[in-house]
């Protein structure tokens, strides 16, 4: 039997090493290698198995420990370094599988904290460019100074402008690999022009040179807002949007994949127990009731927020479910008759729409009628009546 395994490990990065270890162990046990003897037999049968390379990366842990770790995750889906069993999770990983070795532009959209970076890394480190650089261009770093974006992207040559030195840009650093343009939606409209030719495949000219750079780069782009909506509002270039939207992976928020929360909790719990709990001390554990509370929370910060909560819980020995943070307007509300004239609705209609919007947002964020009623300071029975009245989905 021939076993082929791709390993992606970035040295000096604890989480990525752990992710690679988990995924490898999980794949082994799913192939039936759940004992050291079976693993040895598999190695003898399949000479293409990169066992020497794997041992070099994982020499700090025994085969037995790897298999034990994998057994803890049996029945879960660990793919591309991510954990989940929900249908929406599988849709994302299925899309990733189809484009791993394709050089098309990939647009990853989703709320902040949903794991867009991990998806970008998963595509790169499992694809045919995995041995080449993965370089990130954090667009948010250029919001207040967009002038230096192009220089950092293309690089500079000494004398191109006052103080310029010979320096390779991000595009050159990523040659042969992947350039991950993170949160492209945060770039102001007037600063988007320079990126159009860049994504059109026409290349970029280094400051101080006339000829375009000769580079081979795969582009992955992320956005934490819907680019189509921004485009229709005139806040994002339509031609740039169409260039980026070759393949779009939409990452669901955590509240839409609640069945994955217990799996993620256990995954992060093991990870931080190994990182923080000293040898000789028992691991920090979470009760089923605490897991249920975590599963009921809407997680506006998504997986990143959940990960932070578990890390804090392991450090301090106590899990604290975050409180709902919904701002309900108070105080004087001033509006003139002219405003109603512009809106084209009556005062009654305006009040109804405002009430419906507030109830809808509160119910969606709490995902719990009891908590929503408490926040709105109304009886639960009244809340049910208004939900039915306005036909709000629970």
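For residue 229 and residue 347 in one chain, what is 0.36 nm times their gap in residues minus the Cα-Cα distance, to one decimal in nm? Walk me through the numbers before you get to the answer.
Numbers: separation 118, 0.36 × 118 = 42.48 nm, distance 2.93 nm.
Result for the pair: 39.6 nm of gain on full extension.
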Rounded to the nearest 0.05, what FRET efficiency do residue 381 and residue 315 have when you use their Cβ-Cβ distance and R0 = 41 Å? 0.45
FRET efficiency for residue 390 and residue 296 from the Cβ-Cβ distance with R0 = 25 Å, rounded to 0.05, comes out at 0.60
With label points built 7 Å along Cα→Cβ from the Cα atoms of residue 165 and residue 276, find their separation and express it in nm. 4.0
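Report the FRET efficiency, 1/(1 + (r/R0)^6), for residue 369 and residue 98, where r is their Cβ-Cβ distance and R0 is 51 Å, rounded to 0.05. Please report the intermediate quantities before stating the final value.
Working: r = 40 Å, r/R0 = 0.79.
Calculated value: 0.80.
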extent check for the range 87-252: Cα max minus min per principal axis, descending, whole Å, gives 55, 39, 25
Inter-probe distance in nm under a simple model that places probes 7 Å from Cα toward Cβ, at residue 308 and residue 143: 1.6
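Quick note: the coordinates plus some simple rules give every number you see, no bench work behind them. All of these numbers come straight from a predicted model, not from anything done at the bench. Note that each Cβ is placed from the backbone with ideal geometry, even for glycine, and that neighbours are counted across all protein chains shown.
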